[in-house]
Structure formats: C-alpha cells, structure tokens
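The values are calculated or read from the model by the stated rules, or taken from the named source; none is laboratory data. Just so you know, these numbers come straight off a predicted model, no measurement behind them. Note: ideal-geometry Cβ built from the backbone for every residue, glycine included; neighbour counts use all protein chains shown. The protein model used for the area step is the full one, side chains on, heavy atoms only, and it has no ligands, DNA or RNA in it. Shrake-Rupley method; radii C 1.70, N 1.55, O 1.52, S 1.80 Å.
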Amino acid sequence: EAGVTQFPSHSVIEKGQTVTLRCDPISGHDNLYWYRRVMGKEIKFLLHFVKESKQDESGMPNNRFLAERTGGTYSTLKVQPAELEDSGVYFCASSQDWGRVDTEAFFGQGTRLTVV
Amino acid sequence: SQELEQSPQSLIVQEGKNLTINCTSSKTLYGLYWYKQKYGEGLIFLMMLQKGGEEKSHEKITAKLDEKKQQSSLHITASQPSHAGIYLCGADSSGGSNYKLTFGKGTLLTVNP
C-alpha cells in the first residue's frame, strides 16, 4: 500500500514567487493534515481537511497560504507570494476516520521549501 | 495552549547502550504519540499511548505514560546505529476530537558504532 506522498521533495524559489506543494494521502483516508517546521522550531499544525472540507485551519499563518483538497483526494498548499520566513519543511499527513483518536496519522516525507 | 518539553535535546550514545528520552506536557495528555524522523524522510509512527500508566513496546523500544498523563518516556534498549534520528513526541491538543497534534522540538539521537 502506498504511503503519503508529497511533491516536490525540494523547492527553491525567490521571494515574491508562488509555490504549490502537493500531497497525495493514503487511499481511503478522509483526514488530511498539513504541518510545517521552520528552522529551529517545533513542527506546527497548519490545517485539517475532512474529505474536501476544511475542518480546522487555525494554524494557517496568514492569507498568503491557500490550501485546497479537490474532491477529497489530493491536496495542494499554495504560498503566494512567498516570503523568506516561509522557508521550512512542510509535512502532510493522513488518517482514516475522523474522531477516532486511536488511529494514528501517517506522515509524508515532507517538502523542503527554501525562499531566497 | 499545550506545550511539550523534550529532554535531552540531543544525545550521543555508544552502540549497545540503553537510553531514555522524556516528554513532559504542560497539560493532561489525551493521547501521546512518539515518532521518529530520519534526515530527509517523513515522520515514522512508533507508538501511541492513551491511558495513565500505559506501557507499550515494539522491538527494543518501550514507551510509557505516567499515571497523571503528563509525562512520557521512550526507552531504547541495546541501541543500534539504526536507532539514530530525531525522536518527536506529539500530543493530541484537541481533547480527542480530531487529530491536531502539538509536537515537542525533538531529541536528536546519535548512536556511535
């Protein structure tokens, strides 16, 4: 069974440009999460999708970040325009049923974003 | 908001030695997760603990959650180079209603052969 896959694995862009990160969750997982880790800090929650709906987007830093999940399958996270402080590793995770705290989330390998 | 404090921040051990990593929460834990990350790779789920006093083991790794559900420890017995990586504890910060995790900063483990 394929795990959570993220594209690209690395991205280097200039300040002011736009970048779109993609996450393909495990098939059948309704819950999809985005997290990020900026240098020297802990991994922080960005948002949570249940199917195609945003359940919780309290962790999104500002309106330069836009997350979508078309048809409840893959998700994209767009940063527009990118700023230097957006550099970090963006992780995606998915889990099966919502509200089942006894199920674990499976994480992708992350996308390392560098804004120069 | 819930905060997780991990200690130590980094650890260097000789192969074959035992080690312990601690994770302390500022609030009662509803669910405590341990993950491992190797450089350039995603987080690998190790174990989840929910009940006070719970203990789980997988191969040479044992995780415990104290009775008060505010502290967890991860113990590795007879460490091997393959155990090297960053160990992260994560807590369900939503009271069990969804999967919003708060993470500690991680413990970097180096195992010297």
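Would you mind computing Rg(Cα) / (2.2 N^0.38 Å) for chain B, counting N as its residues?
Normalised Cα radius of gyration, chain B: 1.01.
Across peptide B:36-48, what mean number of C-beta atoms from other chains lies inside 10 Å of a residue's C-beta?
Mean partner-chain Cβ count within 10 Å for B:36-48: 4.
Leaving out ligands and nucleic acids, and using a 1.4 Å probe, what accessible area per residue does the protein assembly as shown come to in Å²? Show your work: numbers first, answer last.
On the way: 11100 Å² over 229 residues.
Per residue, the protein assembly as shown has an accessible area of 48 Å².
What are the residues whose amide H is under 5 Å from the amide H of A:SER87, where those residues sit 5 or more places off or on another chain and H is modelled from the backbone?
Amide H to amide H, under 5 Å and 5 or more residues apart or across chains, A:SER87 pairs with A:VAL115.
How large is the direction-averaged shadow of the alpha-carbon convex hull of the protein assembly as shown, in nm²?
12.1 nm²
Give the long-range amide H neighbours of B:GLY106: residues separated by 5 or more places, or on another chain, with amide H under 5 Å away, using H modelled in the peptide plane at 1.01 Å from N.
Close amide H contacts, sequence-distant or interchain: B:GLN6, B:CYS89.
Can you pull the percent of chain B's accessible area that's carbon plus sulfur, 1.4 Å probe, other chains left in place?
With neighbouring chains kept in place, the figure for chain B is 47 percent.
Over the alpha-carbon set of chain A, work out the extent along each principal axis and list the three values in angstrom, largest first.
39, 26, 26
What average number of partner chain Cβ atoms lie no more than 10 Å from the Cβ of the residues making up A:41-53? The partial results should precede the final answer.
Numbers: counts 2, 10, 11, 3, 8, 0, 1, 4, 0, 2, 0, 0, 0.
For this peptide, the per-residue mean of nearby foreign Cβ atoms is 3.
Which entries in the list A:LYS44/B:LYS17; A:LYS51/B:LYS38; B:LYS36/B:LYS56; B:LYS17/B:LYS38; B:LYS60/B:LYS100; A:LYS41/B:LYS36 go over 22 Å, if you measure between the two C-alpha atoms of each?
Long pairs (Cα-Cα over 22 Å): A:LYS44/B:LYS17; A:LYS51/B:LYS38; B:LYS60/B:LYS100.
How large is ³J(HN,Hα) for each residue in region B:60-76, as worked out from phi by the Karplus curve 6.51 cos²θ - 1.76 cosθ + 1.60 (θ = phi - 60°), to whole Hz, x for Gly and Pro?
Per-residue couplings from phi come out as 9, 10, 10, 10, 10, 10, 6, 4, 7, 6, 10, 9, 10, 10, 10, 10, 10 Hz.
Short version: ³J(HN,Hα) in whole Hz for each residue of region B:81-92, in order, from phi by Karplus 6.51 cos²θ - 1.76 cosθ + 1.60 (θ = phi - 60°), x for Gly and Pro, what are they?
Karplus-based 3J(HN,Hα) across region B:81-92 equals x, 5, 7, 4, x, 9, 9, 10, 9, x, 10, 5 Hz.
Could you work out the mean count of beta carbons from other protein chains within 10 Å of each residue's beta carbon in A:70-78?
Partner-chain Cβ atoms within 10 Å, mean over residues of A:70-78: 0.
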